[in-house]
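Contents: one structure, followed by commentary.
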Amino acid sequence: MAEISDLEFDLLRRYIKKSFGISLGDEKKSLVTGRLGNRIAELGFDNFTDYYRYLESETDEDGIVDLVNRITTNHTFFMREPDHFEFFGKVALPWIEKTAKDFELRVWSAGCSSGQEPYTLAMIVDQYFSGRKYRWKTDILATDISTKVLRQAAAGAYSEKEVEDFPKRWKDTYMKKTGLREYTMSDKIRKELVIRRFNLMESKFPFKKKFHVIFCKNVMIYFDDITRTELVRKFYDSLEPGGYLFIGRTESLSGIESRFKIVEPAIYRKE
């Protein structure tokens, strides 16, 4: 396996920061070597400099997408930080139902990983609106930069262990057993998700309408303060007045410039 020099590591981490906003400290040098070493061999390169030049000259996104899939860690599970989902169902949804004049619910799961978060949101929406849902457009936008996890999200298939803590009524209503130890989300719920690849480092978000709720949890831990500040500004501008931003409990907006008002730990509102 090729070894990476300090200069090569610096070139790659600058490229990764510029392209994806992800900041890699010196301690990540061995991680980069381990995760990209096999890729360099597959491409027939002898060193990381050749690989860097390949990325710089890549005209399509295949090589760049592969890089993202290799360097990112996508760890998520159903009902992560359940108090946030409870707030979404008991506070955010009633506010949306009361204030949305177009009967359109706009929720974005940014950094959706393999889909557990947006599927959970879709099930809560279905439970909340129940017989009133026919009046509403309730698609949930689920985006990630990794094509690998987006394929998993689109499949909607999860192991028995991943759904072991699910309420039985949810399993019975929204899942079907498709293997000895596997469950798949029902077609009804899978159709609620609009799954797209999206890079949060885009200078402008292309959305025509503003969202009522944005979930972006455990994503900004990879970013430095400048990147986080700019991303939070774009989230603020992408929300309806009164809209909510949910971030991970290990994250905080303290220390960065933001117009959001904190509502509860890791829950913010645009006033």
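Over the chain, with the other protein chains present, what is the accessible area per residue in square angstrom, probe 1.4 angstrom?
Numbers: 13810 Å² over 271 residues.
Using a 1.4 Å probe on heavy atoms only, each residue of the chain averages 51 Å².
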Segment 160-180 and segment 212-246: distance between their alpha carbon centers, rounded to Å:
31
What order do Glu230, Glu42 take when sorted by accessible area (1.4 Å probe), most exposed first?
Glu42, Glu230
What number, rounded to the nearest 500 deg cm²/dmol, is the helix-based mean residue ellipticity at 222 nm of the chain, given -39500 (n - 2.57) per DSSP H run of at least four residues and division by all its residues?
-12000 deg cm²/dmol
Residues meeting the amide H criterion for Ile140 (H placed from the backbone, H to H distance under 5 Å, 5 or more places apart or on another chain) are Leu193, Val194
Protein accessible area in segment 82-270, 1.4 Å probe - carbon and sulfur %
51
Sorted by accessible surface (1.4 Å probe, heavy atoms of the protein chains only), largest first, Ile124, Ile214 come out as Ile124, Ile214
How much of the calculated P(r) for segment 6-71 lies past 19 Å, in percent of all Cα pairs?
21
By DSSP, what percent of the beta bridges with both residues in the chain are antiparallel, rounded to the nearest 5?
45
Could you tell me which label, among (i) 63, 49, 35; (ii) 61, 50, 31; (iii) 50, 38, 38, carries the value of Cα extents along the principal axes in Å calculated for this structure?
(ii)
For Asp237, what accessible area in Å² do you get when you roll a 1.4 Å probe over the heavy atoms of the protein chains, rounding to the nearest 10?
60
Amide H of Gly243: which non-local residues (sequence gap of 5 or more, or other chain) have their own amide H closer than 5 Å, using H built in the peptide plane?
Lys270
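The values are calculated or read from the model by the stated rules, or taken from the named source; none is laboratory data. A quick note: this is a predicted structure, and the numbers were derived from the prediction, not measured. These area figures cover heavy atoms from the full protein model, side chains too; ligands, DNA and RNA do not enter into them. Shrake-Rupley method; radii C 1.70, N 1.55, O 1.52, S 1.80 Å.
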